[in-house]
Amino acid sequence: MRRHAESRRRPRGAARGFTLLEVLVALAIIAVALAAALRGAMSLTTNAEDMRMKLLATLEAENRLLELRLARAQLGIGDSRSDCEQGGVVFACEQQVKPTPNPFFRRVIVRVTRSDSDRTLAELLSVLPTN
């Protein structure tokens, strides 16, 4: 009798396969894994762009300080702000010249931000002679 009950459940030549529920669960697992991978890739892309902007801003700040050092011009105390470009990106460069205890030197701070935001990307400080 037992043998007869088993044959009713599954015909002899029937192929075994996955049920619709098993296929849907597998698709849901794959969808979650792909979404996590996509989020990770987007995070890496965003981080790479931020690092590029910081690198370009640092290069611009270094260039500004080198220009001041090589120009050997009289450094007047005060603040100035201007647009500057590095690598095809427009930045806003702020330069502060402050006195030091030694009257023959000035403290120069160069701060670089994106022209469309106030977030500081690079800030360098140097002490330069007044000439």
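We did not get these values from a lab; they are worked out from the coordinates using the rules stated. If you're wondering where the values come from, they're calculated on a predicted model, not measured in any experiment. All Cβ positions, even for glycine, are placed from backbone atoms using ideal geometry, and neighbour counts span all protein chains on display.
Amide H of ARG114 versus every other amide H placed in the peptide plane: which residues, excluding those fewer than 5 positions away on the same chain, fall under 5 Å?
For ARG114, whose amide H was placed from the backbone, the distant partners under 5 Å are ALA92, ARG119, LEU121.
Work out the length of the dipole vector of the chain about its Cα centre, built from +1 on the beta-carbon of each Lys and Arg and -1 on the beta-carbon of each Asp and Glu, and round it to the nearest 20 debye.
1360
So for the pair LEU70, THR45, with labels modelled 7 Å out along Cα→Cβ, what separation do we get in nm?
With each label placed 7 Å out from Cα toward Cβ, I get 3.8 nm.
Please grab the % of Cα pairs in the chain that end up more than 25 Å from each other. Could the numbers behind the result be given before it?
Numbers: 4788 of 8515 pairs.
More than 25 Å apart: 56 percent of the Cα pairs in the chain.
Along the positive direction of the dipole of region 9-82 (beta-carbon charges: Lys, Arg +1; Asp, Glu -1; about the Cα centre), which of GLY40, ALA26, ALA57 reaches farthest?
Looking along the dipole axis, the top candidate is ALA26.
Arrange the following residues from fewest to most other Cβ atoms within 10 Å of their Cβ: CYS84, CYS93.
CYS84, CYS93
If amide H atoms are built 1.01 Å from N in the plane of the peptide, which residues on other chains or at least 5 residues away come under 5 Å of the amide H of THR130?
HN-HN under 5 Å from THR130: PHE105, ARG106.
Longest segment of the chain with no trypsin sites (Lys or Arg not before Pro) in a DSSP loop having at most 11 other Cβ atoms within 10 Å?
Of all site-free stretches, the longest is 17-71.
Loop only per DSSP, at most 11 neighbouring Cβ atoms within 10 Å: give me the chymotrypsin sites (Phe, Trp or Tyr not before Pro) in region 9-108, ordered by residue number.
Working: sites: PHE18, PHE91, PHE104, PHE105; in loops: PHE18, PHE104.
The qualifying sites are PHE18, PHE104.
If you place +1 on the Cβ of every Lys and Arg, -1 on the Cβ of every Asp and Glu, and leave all else neutral, what size is the dipole of region 20-62 about its Cα centre, to the nearest 20 Debye? Provide the component values of the computation, followed by the final result.
Details: 3 positive and 5 negative charges, 22 e Å.
For region 20-62, the charge dipole is close to 100 debye.
Enter the angle in degrees (range 0 to 90, nearest 10) between the Cα long axis of helix 20-71 and the first principal axis of the Cα atoms of the chain, meaning the one along which they spread out most.
Compared with the principal axis, the helix lies near 10 degrees.
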